[in-house]
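Since the structure comes first, as structure tokens, the remarks are kept for the end.
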Amino acid sequence: MDIRNRNWRKTLKLAGVAAALCGSAHAFAGEPVSRTLCIYDPIGANGFIYQSFQDYITQALNWGVRFDPKPYTDEDVAVSDFKSGKCDAVEITGVHNIQFVKFAGSLDMVGGLQTYPEEHSAIMAISGPKAAKYMTAGDFEVAGVAPGGKVFLFARHKDNLSSMQKAAGKKVAVLSFDKQATTFANVAGAAPVPATIASFGPMFNNGSVEYAYAPSFAYKALELYKGLGTDGGVADYVLGMLSLQVDVHKSKFPADFGQTSRTWVAGNMWDTAIGRIQKTDSEVPDKFWAHVDAERTKSYAELLVKVRQGLWDEKWYDHDMQHMLKKIRCKSNPSEAECSQPSEGGPT
């Protein structure tokens, strides 16, 4: 399958039919195998991410798996335990998953998607049976993708969001494994400062850095409101979309588990997850939002094209995913300059 030349409308219809047919089908006859599911949620067992997966855990019994869920507040530890085999399955962000399954992890590329409907289109497409071969890499298989929220730029001083020039030389916390964030910071003229999941919030809150990028749930979950204080701000331009991805060690699960799981997640977890995400978007007080006007939006979009093309050249992202997301963006906004440009695999 050449994912670049797919008929997306047909694919989405097929994915929707598959999701409807799957539901809690594929009932498993026999005793389910017990497997550990490690779930990253910065809040822990009381967080909306962990809670979002409770129905999934129940459904997995129908597919021959009894999950023992374990909450993790540090994503790096969850990743490490999955690598070592302590976790048979793990829920992590797409940004982290690029090391396991490059195609799926590339979904979270910087500026790849701008709206929730765009993200929904992408998730439905990659969760269908026709995309199955792209969702595995060795013994790793992506067993589901759910939305994680829009990523915004937080600043300790709202005025530093008034123009791109304001970022020159100022420090921004970037996760040490996230090459795209470091590249973006360098292109924008900011000074990237490596951080871990554990140090990311504190660095922003104690003033070690001026900027941090995160989804809205970080306002409370990572206590970024402390760093915003009374003078801070959050730019309303979407830097990208975060996704929540379930990986499994394929050899430890029933043969059809991965596809059955992907189809169910795509068809059943979106509405609940997106409702909770939009609630966290609304929990950031209005006084902090800094509007990015049309002229600056155009400038930011051009900058992100430059960043993504550089990462295309370095083969950091999966090229099939990168061109697919360009097609989805251009379907939403066909008048965008990038749509007729040779960037990221060619015009759409």
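The values are calculated or read from the model by the stated rules, or taken from the named source; none is laboratory data. All values derive from a computational prediction rather than experimental measurement. As a convention, Cβ positions derive from the backbone with ideal geometry for all residues, glycine included, and neighbour counts pool all protein chains shown. Please note that ligands, DNA and RNA were not included when accessible areas were found on the heavy atoms of the full protein model with its side chains. Shrake-Rupley method; radii C 1.70, N 1.55, O 1.52, S 1.80 Å.
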Query - Percent carbon-and-sulfur accessible area, the stretch 121-274, ignoring ligands, DNA and RNA, probe 1.4 Å - result: 56
Report task. Provide the per residue accessible area, probe 1.4 Å, for the chain, rounded to a whole number of square angstrom. Result -> 41
Report summary line: Taking 0.36 nm per residue of separation between LYS252 and ASN206 and subtracting their Cα-Cα distance, the length gained on full extension comes to 12.2 nm
Report task. Count the net charge of all other residues whose Cβ sits under 13 Å from the Cβ of ASP256, scoring Lys and Arg as +1 and Asp and Glu as -1. Result -> +1
Requested in this report: Starting from the Cα of CYS330, step 7 Å along the direction of its Cβ; do the same at ASP68; then give the gap between the two resulting points in nm.
Outcome: 5.0
Query - Rg(Cα) / (2.2 N^0.38 Å) computed for the chain, rounded to two decimals - result: 0.97
Query - Order by protection proxy (mean Cβ within 10 Å, highest first), peptides 160-168, 255-263 - result: 255-263, 160-168
Query - With DNA, RNA and ligands ignored, accessible area of MET109 (1.4 Å probe; Å², nearest 10) - result: 0
Query - Surrounding net charge for ALA221, when Lys and Arg each add one and Asp and Glu each subtract one, Cβ distance under 14 Å - result: -2
Query raised in the report: With r defined as the distance between the Cβ atoms of ASN46 and ASP81 and R0 fixed at 22 Å, what FRET efficiency is calculated, to the nearest 0.05?
Result: 0.60
Query raised in the report: Considering only protein heavy atoms, what is the solvent-accessible area of ASP271 at a probe of 1.4 Å, reported in Å² to the nearest 10?
Result: 120
Query raised in the report: What is the distance in Å between the Cα centres of the stretch 254-326 and the stretch 114-189?
Result: 6
Requested in this report: Please report, in cubic angstrom per residue, the volume enclosed by the convex hull of the alpha-carbon atoms of the stretch 35-143.
Outcome: 118
Report summary line: Per the helix-only model, the chain has a calculated mean residue ellipticity at 222 nm (DSSP H runs of ≥4, -39500 (n - 2.57) each, divided over all residues, rounded to the nearest 500) of -12000 deg cm²/dmol
Report summary line: Taking a crude spin-label model, label points 7 Å out from Cα along the C-beta direction, the SER282 to ILE57 distance in nm is 2.8
Report summary line: Computed over the Cα atoms of the stretch 236-311, the Rg and Dmax in Å are 18.5, 52
Report task. Can you tell me how much longer the chain between THR196 and HIS157 gets when fully stretched, taken as 0.36 nm per residue apart minus their C-alpha distance, in nm with one decimal? Result -> 11.8 nm
Query - Tilt relative to the chain, helix 270-283 - C-alpha long axis, 0 to 90 degrees, to 10 - result: 20
Report summary line: In debye to the nearest 20, the charge dipole size for the chain, taken about the Cα centre with +1 at each Lys and Arg Cβ and -1 at each Asp and Glu Cβ, equals 540
Report summary line: Row for the stretch 65-108, column shape: gyration tensor on C-alpha, a ≥ b ≥ c, rounded if a/c < 1.5 i.e. under 1.5, prolate if a/b over b/c, else oblate; value prolate
Query raised in the report: Whole number please: convex hull volume per residue of the Cα set in the stretch 109-232, in Å³?
Result: 128
Requested in this report: Can you pull the one-decimal nm distance between simple spin-label points at LEU303 and ASP231, each 7 Å off the Cα toward Cβ?
Outcome: 2.1
Report summary line: In order over the stretch 40-46: 3J(HN,Hα) from phi, Karplus 6.51/-1.76/1.60, θ = phi - 60°, whole Hz, x for each Gly or Pro, gives 7, 8, x, 8, x, 5, 8
